[in-house]
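Inspection log for the structure reproduced underneath, given as structure tokens.
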Amino acid sequence: MIIIIILIVLAVSYIGFIVVPAVLLYRFAFGRKPCSVPLNEFGTLEGTRYAPFSETLIPADKFVHSQPFEEISVTARDGVLLRGRYLGQNSPRTMIFVHGYAGAPISNFCAQAERFCRLGWNLLFITERAHGESGGKRLGLGVLEQYDLLNWIDLEAQKSSVEDIVVYGSSMGSTAVAYASDKITCPKVRTLVVDCGFVSPYRQLACDGRTRKLPTVLLLPVMRLVAWLDIHEDIHRTAGQSLKNTHIPVLFIHGEADRTVPIAQGRENYEACGSEKEFIAVAGADHILAYVTGGEEVQRKTEEFISKHMKGKLS
């Protein structure tokens, strides 16, 4: 009788202190998120990690937002309606941007987008599922978004005038790009850019949990099970398992001072990649700021890598 009581107490304790918190954390982490406010609407960037680059980012963000975008959409494989903004410049080259967790689709890439906009490229900013105006009750931290990306690529590739497509992801968006890397069959996709991506949702949640001093060893196995039951994907599967089978050249960019996604995760993805690749480590760069922190050197290296694999010229 005492053993039964002890087992009941342990079971109740496990459910109350581990299962319930894990389910709540899952619902928060994978639940709908509003997109961040565009940088040019902040008023001031003082007190944020963007402050040292305000003279670059604010004008770039204003410039890109001022362009005559067209609102477009695609339907995901599970019926979710996904929204995007498209700037057509009658170019044979298109850059598809895939934003990060709760990120602002344009502001995440304002420096890169201004550069390629001035080079005359078509720009496509997608709004990830369960973000902003896109549909969906759950996001996937990359594991669901990989399939959505295929729909966006197909939409752009249907244009006979488009010859070169480059997919540029940031943070969660770059993890989606990495997961999709072995599933992209469109010959027009010349290069993938994986900027500060993580290895898997599981690893990133573990990293976040340690920062917040949460018992991730106990919580994450439950969250993995809940994810499997809810979104039918294994959040423990690494992006490297896709990258090792890709044939598309991949450029990896990561900040050495990234406190959100440690650079070790970026290097792990790089090492796993089986195609032609390059890794740009940027000293002193925090999360999603490697491109702007690296300045002209990173801009040059990025454009050289992209240009090398294009059918036509960069501009």
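The values are calculated or read from the model by the stated rules, or taken from the named source; none is laboratory data. What you see is a predicted model, and the numbers here were worked out from it, not measured in a lab. A quick note on method: Cβ atoms are made from the backbone with ideal geometry, for glycine too, and the neighbour counts reach across all protein chains shown.
Got at least one residue in segment 127-134 being hydrophobic (A, V, I, L, M, F, W, C), in a loop (DSSP other than H, G, I, E, B), at pLDDT 95 or above and surrounded by fewer than 22 Cβ atoms within 10 Å (Cβ to Cβ)?
Step one: filter segment 127-134 for residues hydrophobic (A, V, I, L, M, F, W, C), giving 130.
Subsequent filtering for residues that are in a loop (DSSP other than H, G, I, E, B) retains 130.
Within this subset, residues satisfying the condition of being at pLDDT 95 or above are 130.
Still in the running and surrounded by fewer than 22 Cβ atoms within 10 Å (Cβ to Cβ): 130.
There is at least one residue in segment 127-134 that is hydrophobic (A, V, I, L, M, F, W, C), in a loop (DSSP other than H, G, I, E, B), at pLDDT 95 or above and surrounded by fewer than 22 Cβ atoms within 10 Å (Cβ to Cβ).
Hey, can you tell me all the residues within segment 19-57 that are within 30 Å of Val222 (Cα to Cα), of a type in the set (A, V, I, L, M) and surrounded by 14 or more Cβ atoms within 10 Å (Cβ to Cβ)?
Within segment 19-57, the first condition is being within 30 Å of Val222 (Cα to Cα), and the residues that meet it are 19-36.
Of the ones still in play, those that are also of a type in the set (A, V, I, L, M) are 19-20, 22-25, 29.
Scanning segment 19-57 gives Val19, Ala22, Val23, Leu25, Ala29.
Keeping to segment 15-59, report how many residues are free of Cβ contacts under 8 Å to residues at least 40 places away in the same chain and either outside any helix (DSSP H, G or I) or among the hydrophobic types (A, V, I, L, M, F, W, C) (or both).
14
Among the residues of segment 102-119, count how many are assigned to a helix (DSSP H, G or I) and of a type outside the set (Phe, Trp, Tyr).
The number of residues fulfilling the criteria is 10.
Scan segment 293-305 and tell me whether some residue there is closer than 20 Å to Gly142 by Cβ and of a type in the set (Gly, Ala, Ser).
Looking through segment 293-305, none of the residues is closer than 20 Å to Gly142 by Cβ and of a type in the set (Gly, Ala, Ser).
Are any of the residues in segment 256-264 in contact with a strand residue (DSSP E or B) (Cβ under 7 Å, 6 or more places away or on another chain) and either of a type in the set (D, E, K, R) or surrounded by 18 or more Cβ atoms within 10 Å (Cβ to Cβ) (or both)?
Scanning segment 256-264, I find at least one residue that is in contact with a strand residue (DSSP E or B) (Cβ under 7 Å, 6 or more places away or on another chain) and either of a type in the set (D, E, K, R) or surrounded by 18 or more Cβ atoms within 10 Å (Cβ to Cβ) (or both), so the answer is yes.
Do we have any residue at all in segment 65-73 that's within 20 Å of Ser174 (Cβ to Cβ), under 21 Å from the mean Cα position of the chain (by Cα) and of a type outside the set (S, T, N, Q)?
No, segment 65-73 has no match at all.
Does segment 299-315 hold any residues that are surrounded by fewer than 18 Cβ atoms within 10 Å (Cβ to Cβ) and hydrophobic (A, V, I, L, M, F, W, C), and which are they?
Hits for segment 299-315 are Met310, Leu314.
What's the number of the only condition in (1) outside any strand (DSSP E or B); (2) in contact with a helix residue (DSSP H, G or I) (Cβ under 9 Å, 6 or more places away or on another chain) that Ile72 fails to meet?
Exception for Ile72: condition (1).
Working carefully through the options Glu145, Glu128, Glu156, find the one that is among the acidic types (Asp, Glu), in contact (Cβ under 8 Å) with a residue 24 or more places away in the chain and over 21 Å from Pro34 (Cβ atoms).
That would be Glu156, the only listed residue that is among the acidic types (Asp, Glu), in contact (Cβ under 8 Å) with a residue 24 or more places away in the chain and over 21 Å from Pro34 (Cβ atoms).
Condition check ((1) farther than 30 Å from Thr211 by Cβ; (2) in contact with an Asp or Glu (Cβ under 7 Å, 6 or more places away or on another chain); (3) free of Cβ contacts under 8 Å to residues at least 24 places away in the same chain) across all residues:
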residue: Thr260; (1), (2), (3): no, no, no
residue: Phe279; (1), (2), (3): no, no, no
residue: Ala283; (1), (2), (3): no, yes, no
residue: Arg300; (1), (2), (3): yes, no, yes
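Tyr168: under 19 Å from Arg85 (Cα atoms), in contact (Cβ under 8 Å) with a residue 40 or more places away in the chain, of a type in the set (Phe, Trp, Tyr) and crowded, with 23+ Cβ neighbours inside 10 Å, yes or no?
Values: under 19 Å from Arg85 (Cα atoms): yes; in contact (Cβ under 8 Å) with a residue 40 or more places away in the chain: yes; of a type in the set (Phe, Trp, Tyr): yes; crowded, with 23+ Cβ neighbours inside 10 Å: yes.
Answer is yes for this residue.
For segment 265-298, enumerate the residues that are surrounded by 15 or more Cβ atoms within 10 Å (Cβ to Cβ) and among the aliphatic types (A, V, I, L, M).
Hits for segment 265-298 are Ala272, Ile280, Ala281, Val282, Ala285, Ile288, Leu289, Ala290, Val292, Val298.
Can you tell me which condition Arg190 does not meet? The list is (1) within 14 Å of Tyr26 (Cβ to Cβ); (2) basic (Lys, Arg); (3) assigned to a strand (DSSP E or B), and all the others hold.
(1)
Residue-by-condition table, conditions (1) closer than 29 Å to Gly255 by Cβ; (2) more than 20 Å from the chain's Cα centre (by Cα); (3) buried (at least 18 other Cβ atoms within 10 Å of the Cβ); (4) charged (D, E, K, R):
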{"site": "Thr175", "(1), (2), (3), (4)": "yes, no, yes, no"}
{"site": "Leu220", "(1), (2), (3), (4)": "yes, yes, yes, no"}
{"site": "Trp228", "(1), (2), (3), (4)": "no, yes, no, no"}
{"site": "Ile231", "(1), (2), (3), (4)": "no, no, yes, no"}
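Quick check on my filter: what residues within segment 186-218 are surrounded by fewer than 24 Cβ atoms within 10 Å (Cβ to Cβ) and out of contact with any helix residue (DSSP H, G or I) (no Cβ under 7 Å at 6 or more places or on another chain)?
Pro187, Arg190, Cys207, Asp208, Thr211, Arg212, Lys213, Leu214, Pro215, Val217
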